[in-house]
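Heads up, the thing below is written out as structure tokens.
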Amino acid sequence: MPYTVNGNTIETDEEGYLMDLSLWTQDIAAAIAAAENVDMTDEHWQVVNFLREYYNEYQIAPAIRVLTKAMKEKFGAEKGNNKYLYDLFPYGPAKQACKIAGLPKPTGCV
Amino acid sequence: MSEEPVFDTQGVVRKFMFVNRKAPYGTIYALEILESVLISAAFEQDISVAFLDDGVFQIKKGHDPKDLGMKNFSPTYRALGGYDIEKLYVEKESMEARGLGPDDFVVKVQVVPAAELSKLMAEQDVLITG
């Protein structure tokens, strides 16, 4: 299911994850979010940007348990918990937010 | 035929050790073991990871595999702490034979002599080598 953003076609795998992570832009993120029926707010962007920072540092997309722990350390308990993240990304924060962030599917996502 | 479920693992914590013996690039072993370690963390088992022989190079600082067309996955070893995997062992003899020391690694490790590592291996329920 390729995305068309600003006239460019962006290839994805069969689950909608970007084939070439280096192509990611905020516009592409917005297009993926629209396809996922996620209405991006500042809180959504904060998670997406946090995931991209995590990926830059460790070269993997974190498992949900690891994401919540890392979010808790950086933003506090009110954001570092499952409920907060599932409210933002109902189909799974790790899967849905990673897809919007242009990351691969989380390792250890079974 | 037993009616017992094959995977009745509820509440059972087993000791797993992943043993890395090969250089990081050139084969897929190192990356596959690393992914297995990350996946195993989801099951709340007692995980440890050992590096010996050329496996010690997997966590050496300064990987640059661009020209091999491979991704540098060594930063991922630094994510293991976030996955609560904190028992990382390097075999002393392998490390010294390759002119390396504890400061040459991207993660904090316990350096253990071969004899001690073999004792640790004997204590495991499951050993997975690559």
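Data overview
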quantity: Test item: A:54-65 mean partner chain Cβ contacts at 10 Å; calculated: 4
quantity: ³J(HN,Hα) computed for each position of segment B:40-50 - Karplus, 6.51 cos²θ - 1.76 cosθ + 1.60, integer Hz, glycine/proline x; calculated: 4, 4, 5, 9, 6, 9, 8, 9, 9, 10, 10
quantity: Over segment A:3-100 - Rg/Rh using Cα atoms and the Kirkwood inverse-distance radius; calculated: 0.96
quantity: Pair B:Asp103, A:Glu57: separation of 7 Å Cα→Cβ label points (nm); calculated: 2.4
quantity: Kirkwood Rh in Å, taken over chain B so that all alpha-carbon pairs contribute; calculated: 15.5
quantity: Geometric extent, Cα atoms of the protein assembly as shown - Rg, Dmax (angstrom); calculated: 20.1, 63
quantity: Residue-wise HN-Hα coupling along segment B:86-94, computed from phi with Karplus coefficients 6.51, -1.76, 1.60 (Hz; x: Gly, Pro); calculated: 10, 9, 10, 10, 10, 6, 4, 4, 5
quantity: Nonlocal amide H pairs with B:Ala50, under 5 Å, H built at 1.01 Å; calculated: B:Phe18, B:Val19, B:Asn20, B:Tyr89
quantity: Efficiency of FRET between A:Lys72 and A:Glu15 - r from beta-carbon atoms, R0 25 angstrom, step 0.05; calculated: 0.35
quantity: Cα-projected label distance for B:Thr27 with B:Val13, points at 7 Å along beta-carbon direction, nm; calculated: 3.2
quantity: Per-residue HN-Hα couplings for segment B:18-25 [Karplus 6.51, -1.76, 1.60; θ = phi - 60°; Hz; x = Gly/Pro]; calculated: 9, 10, 9, 10, 10, 4, x, 10
quantity: Shielding of B:68-79 by partner chains, average beta-carbon count, 10 Å; calculated: 3
quantity: Exercise: per-residue mean of other protein chain Cβ atoms within 10 Å, B:43-56; calculated: 0
quantity: Amide H within-cut-off set for B:Val111, under 5 Å, with H built and near neighbours excluded; calculated: B:Val90
quantity: Choice from B:Val56, B:Val90, B:Val111 showing the highest fluctuation, given a GNM over chain B with Cα pairs closer than 10 Å; calculated: B:Val111
quantity: Dipole in debye (nearest 20) - segment A:3-100, about Cα centre, beta carbon charges: Lys, Arg +1; Asp, Glu -1; calculated: 480
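Only the coordinates and a few stated rules stand behind these numbers; no lab work does. The structure presented is a predicted model; accordingly, all values stated were derived computationally and were not measured. For neighbour counting, all protein chains shown are included, and Cβ atoms are generated from backbone atoms with ideal geometry for every residue, glycine included.
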